[in-house]
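No lab work stands behind these numbers, since they all come straight from the coordinates. All values derive from a computational prediction rather than experimental measurement. Virtual Cβ from ideal backbone geometry, glycine too; neighbours counted across all protein chains shown.
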Amino acid sequence: MMGPGHPARATGRARRALPILVAALLAAVPAAAQAKNHGRHLVRHGFDGDRGGAVYTTTNNPSGNAVIVFHRNRDGTLTQGPTVATGGTGIAAQPPFGFPIVDSSGSMALAEGGRLLFVVNDGDNTITSFRTNDWGLSRADRVSSGGVLPISLTTYGHLLYVVNEQSSSISGYYFSDSGRLWPIPGSEQLISPLFPSGPAPPNAGGVAAQIGFSPDGHQLVVTERGVPSTVGAIDTFAVNPNGSLTLEQADRSASVDPNPFGFTFTRGGTLLVSNVGQVNGTFDYPAGSLPIPQVLDPAQFTGSASSYTLSSAGALTPVSTEVASGGRGACWLVLSRDGRFAFVTNTLSTAPVLGPPNGIGTGVGGLTTYRVGSGGTLTRLGQTDLGPGSPTDEEVSSDGRFLYVSVPNVPPPPATSHIDVFAIGNDGTLTLITEGATLPTLISGLAVN
């Protein structure tokens, strides 16, 4: 998958020089301010003190995508502010499954201490950047995503990478303090391609879910559901000194549990992953098509979480495997600010319960809390109910006090979307503050200051 002249993999001293060399490169880009490596885990810009912070989500409207801005009050509640157009479009039904949301983790990303916001426009294959301020957003730039169907993006220092699901590709960009974007030469890479027809390899990948940097910025990780294969893939790439990539050959199909989706890293560098669960289906099907996931089958989509150590060569070694979430379709995963707890959203809720078939759309058991132990071990502590709907994206506030969960209007009902707000206790317990910010739209993505 690497063509002639592909940049060599960064190692040792070259890797340690990455922040300095990238900063020097950015200084040479017209109109770009000198690059500063701000790292990935920062105190985010926005409202502070008595003023709280900010929360962002998108409309994913095919007629014109937009960001909905909320003021985050001190008590965690939300007050809706302006809606700002991205200049791009959303999508009514995302391939290959036809879900009416951006079916990924990380479709929005804050950077520069929260002073910049990046958003994917999956309807027209673009990325929009914004400058944030106390009144809302100011659009800074909009560029091609370098592929088809951008669904997730990530930043480190002044680097931004996006994964394009339908073209099975990733592309990288430099960005300035003002939010301007420039493509990184040699950054385009293929991820594990979706097998076109015939029997599926045991660990086939193909349906991307998230892209993210390791805490030191030296590696890039992409999770891929292998639907309908038995497992799925986790690709790792080395980040070269100039910001380009080299595919890590050590272990590109490293998922040990069925269909990895969302992920994050602990401060110590352990990779925590949520797994959608086993999806059964016919492994032999026409090129370009996929069997429809049988979401009503309670034997499928048994959610779980896993953890891995990531070596400097890109190899993943399991720590905790298939720790059951107690729910179905464990898709999104975030970490508490102190690193002691992980929260997973079970998009298909818990089965069986009264109401819609197999609990889908009830919000019952929609959140699972794990304790993160020494070395990244995972222990399930319990589950928490949400308001009616199918929970998707989630984020923890910059002060670590609140968890925000988006619940879009994905069939079956409710008729409206909403963002649920929870207070995070010292012991990881979640207390519902409000099923607030009710929205008559298919919200997608979440970013929180």
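Computed on the Cα atoms alone, the convex hull of the range 48-96 gives a volume of 90 cubic angstrom per residue. Cβ-to-Cβ counts within 10 Å put Phe265, Phe130 in ascending order as Phe265, Phe130, the fewest first. Neighbour counts of C-beta atoms inside 10 Å place Tyr174, Tyr308 in the sequence Tyr174, Tyr308, starting with the fewest.
Near Gly363: Cβ cut-off under 10 Å, other residues only, Lys/Arg at +1 and Asp/Glu at -1. The net charge is -3. Counted by neighbouring Cβ atoms within 10 Å, the residues Trp135, Trp332 run from fewest to most as Trp135, Trp332.
Dipole size of the range 315-449 about its Cα centre, with +1 on Lys/Arg Cβ and -1 on Asp/Glu Cβ: approximately 220 debye, rounded to the nearest 20.
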